[in-house]
Structures are given as C-alpha cells and as structure tokens.
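Structure first, then comments.
The values are calculated or read from the model by the stated rules, or taken from the named source; none is laboratory data. Everything quoted here is computed from the prediction, not taken from an experiment. We place every Cβ from the backbone using ideal geometry, glycine too, and count neighbours over all the protein chains shown. Heavy atoms of the whole protein, side chains included, go into the accessibility calculation; ligands, DNA and RNA do not. Shrake-Rupley method; radii C 1.70, N 1.55, O 1.52, S 1.80 Å.
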Amino acid sequence: MAGSAGLAVCGQTLVVRGGSRLLATSTASSDDNSLFVYDCSTAEKKSQENKGEDGPPFVPGSGTILACTFSESGCYFALTDDSKRLILFRTKPWQCLSVRAVVRRCTALTFTASEDKVLVADKSGDVYSFSVLEPHGCGRLELGHLSMLLDVAVSPNDSFVLTADRDEKIRVSWAAAPHSIESFCLGHTEFVSRILVVPGHPELLLSSSGDGTLRLWEYKSGHQLYCCHLASLQEPADCCSFQRLAASRIAFWRRESCVALLCDCIPEVYIFQLDALRQQLLYRQRLSFQHRVWDVAFEETRGLWALQDCREAPLVLCRPVDGQWQSVPESAVVQTVSGVLRGHWAMLAGCAGADASFSGLYKATFDNMASYLQKKEERLQQQREKRQRRQSPPQPGPSGQTKRPGPAAWSC
C-alpha cells in the first residue's frame, strides 16, 4: 500500500519497507552480511548529480516509499517514492544501480518477464517504461487511462500489459502496441485495487476491488470465471465493523495453489484454493491476527509471511498443518528476522495507526432528497397562500363601500 509498511519475498530474500527506508535480509542465514539497509531520504544528494540529464526534474520530498517489487528471478528490485523517483537495485549483491525521475507520483510498478524493463503506473493514469539494461535512461510513455491507475501487471510472455484503474476497469493491452486493446475485464462496481496474473496459469487473472469481491478472469477474452463476495465469509458480528473490504494484497503460493487475500486495515487474511481445472476458487480458511497486518507474502519453501504492527513479534510465519493454516511456533529463522526488524523498528513506527490507503477512493454519494423535499414543500405552501389571498372576498372601505382594485392592481 502506498505510503504504508510493506513486505516482499523472492526466493530466500525478504524485504521490509517502512517510511523512507527498506531493509533486506535472508531467511536462510543469520549472517549479518546478508543485511542491507537503504534510506531513500539520503538519495536526494545523489539525485543532484543528474541535473543535466534530460527528463523531468527531481522533486524534493520525504523519500517515503510508495511501491516496490522484485523481478521474477529476484536479481533486481525497484521502488518509487514520494519524491517522484524510481530507484533500481541489483540484489546479488545488493547495489543501487540508478536513481531516476518520474513524471508523477507512482502507485504501482512491475518488471517485464524478460526483466529488461520496469513498468511504472502513476496517479494520472499513465504507464511509463524504464530500461533495466540502461539504468540511467529516461522513461517512455507506453499507455494512458482517464483515471488513476492502482495496479499494473504483465503476462508471462510479455505479450500483454494489464492495468487496473479507479473507474472499475481492468484493461488488457498489447505490449508491442499499447494503443491496441485486447479486452476489458468488467464487473467490479468500485475501484480495482489489485490484480495478479496467476503464476503457473498464464491465462488466469485475479482481481480485488473496493466492492468487496475477489474475482477470477480469463483475461484475454475478458470473461469472468468466478466471483466471491468477502462479506459472505464474515461472521454476522463482523459485518457491522467492516463494511468496506478493499484488498491491499493478493499473494499466490504456486506449490500449494493457494491464494492469500489481505484486506485494508483488517487483522485477517482469507485463504483460498485455486482449482485450475474447474476454474474456480475454493474458500478454505480465515486467519485472524491480534494486530493490524500491514502486508503478506509467500515464500515457496516455508509458507506465508505476515508483517504486523507489533514490535515484539513483527513477523509471523503461517503454513498448513493437517489441512488447517496456523502460525508456526517461533523457529530460529522467525526469531532471527524478527530480531533484525526490532533493531530497526523506527522505520515502521511511523506506519502505526496510519489511515486506510483506499478510504479516499470510494465513490462519494450525496443524499439531498430531504433538502429537496423541504424546499418543494415551502414553494407549495407559498403558492397555496397566494391563491388564498386572490380568492378571498374584497374588504369594505372606510365609508362602508367595497374597495375595488384599481387598474394598477390588475396589471401583471
């Protein structure tokens, strides 16, 4: 989520972001040499060296990280911040390759499957591509929407670019000619918060929305295969507490074909099973946490990592045991990684108590019917009083004669 704490896992590398800093460590070793910390606020000095380059100027800001992602192989990592910058890293070993300016603040980004480009979606509805092989090259405008983009994805063969916007649409565009639209996935009634091309099933797309649904699509045709209303999975007592369920993260575990869905500001994660043959999702379980969950991510060899608002236990590892998902008792790796985060808790402290990132994206409705009816009744009352005055008999004058209206009184 933009501006909130986040979690990303690729292979055995785990990255946590909070505020302007990111922390990368390994889940395979407790060696201190595996720890990498980067502060975007210190990159301001480096950006001044690029004043003479073509492209948009760098904008001073706090350096708060808005979005980040790994490449498919995990060799590259990219992030964007509120200073309108795209920062590219090499991960083996960790090294900052470039700091480039973007036109507007970004909402999402992704690498192409070939890992030669980074696609960046911004709040104005545009998608720009930045070269990975030429880390200091300027961005190129690829496509645009008429509303804010909230997520971007690519097909596994790099043939299609998929974009999700605030106006309920998912667009599938040809990557080679983005002006050519293959299809639209239509059905959501609120903003589309997240999309994910299902790993291992290149024809399937998962999407979530502010309308509180999780949907499965065959995206090339725009055909909806399955729709789950999350409100139907809640207990009756919870329905009053959480009426708006916008997913902030969709994660997929290829080994078990499991989908984890995290909703904004709710300490719960919904677990689904993907039945690819029947092309549907099977609801399995709801994981509840004692603290607010900021983000979730799967590690293929271990299970589901959850980053939560708790200094004593910032990370929780969950996996299925006898068919039921449950948290793993603190193992050595959980203790080690959690200990690293406790030592850098200041980067996450500012995210505690933050507002819902999607709260301002819902459609605003105005009920002005009561005001309209009141004004209408006042107008009708004035008309009735005017008719009564016209129909009342003339009053006698001082001499006892009936006073008749003069010509001026009859004039309009």
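Data overview
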{"item": "Charge context of T91, other residues only, Cβ under 15 angstrom, K/R +1, D/E -1", "result": "+1"}
{"item": "Extension gain, L133 back to D367 (0.36 nm per residue minus Cα-Cα distance, nm)", "result": "78.8 nm"}
{"item": "Under 12 Å from the D275 label point (7 Å along Cα→beta-carbon), backbone N, region 190-218", "result": "none"}
{"item": "Å² per residue, accessible surface of the chain at 1.4 Å", "result": "49 Å²"}
{"item": "Among 207-219, 147-159, the order from most to least packed when residues are scored by Cβ within 10 Å on average", "result": "207-219, 147-159"}
{"item": "P(r) histogram, all alpha-carbon pairs of the chain included - 20 Å bins from 0, percent", "result": "24, 50, 12, 7, 6, 1"}
{"item": "Restraint check, K92/K117; K117/K169; K84/K123; K169/K220; K92/K123, Cα-Cα greater than 21 Å", "result": "K117/K169; K92/K123"}
{"item": "Charge tally in the Cβ shell below 13 Å around D158, where Lys, Arg are +1 and Asp, Glu are -1, D158 excluded", "result": "-3"}
{"item": "Spacing of the two label points (7 Å from each Cα toward its C-beta) at E300 and R387, in nm", "result": "8.1 nm"}
{"item": "Efficiency of FRET from Cβ geometry, A177 and D322, R₀ 60 Å, rounded to 0.05", "result": "0.75"}
{"item": "Computed lengthening from E115 to F184, 0.36 nm per intervening residue step minus Cα-Cα distance", "result": "22.3 nm"}
{"item": "Among S331, S41, S26, residue whose mean-square fluctuation peaks in a GNM of the chain (springs only between Cα atoms under 10 Å)", "result": "S331"}
{"item": "Estimated FRET transfer efficiency when R0 is 45 angstrom, pair S159-Q290 (beta carbons, to 0.05)", "result": "0.55"}
{"item": "Full-stretch length increase - S41, S331 - with 0.36 nm per residue and alpha-carbon distance subtracted", "result": "101.0 nm"}
{"item": "Degrees, to the nearest 10: 332-343 long Cα axis against longest axis of the chain", "result": "60 degrees"}
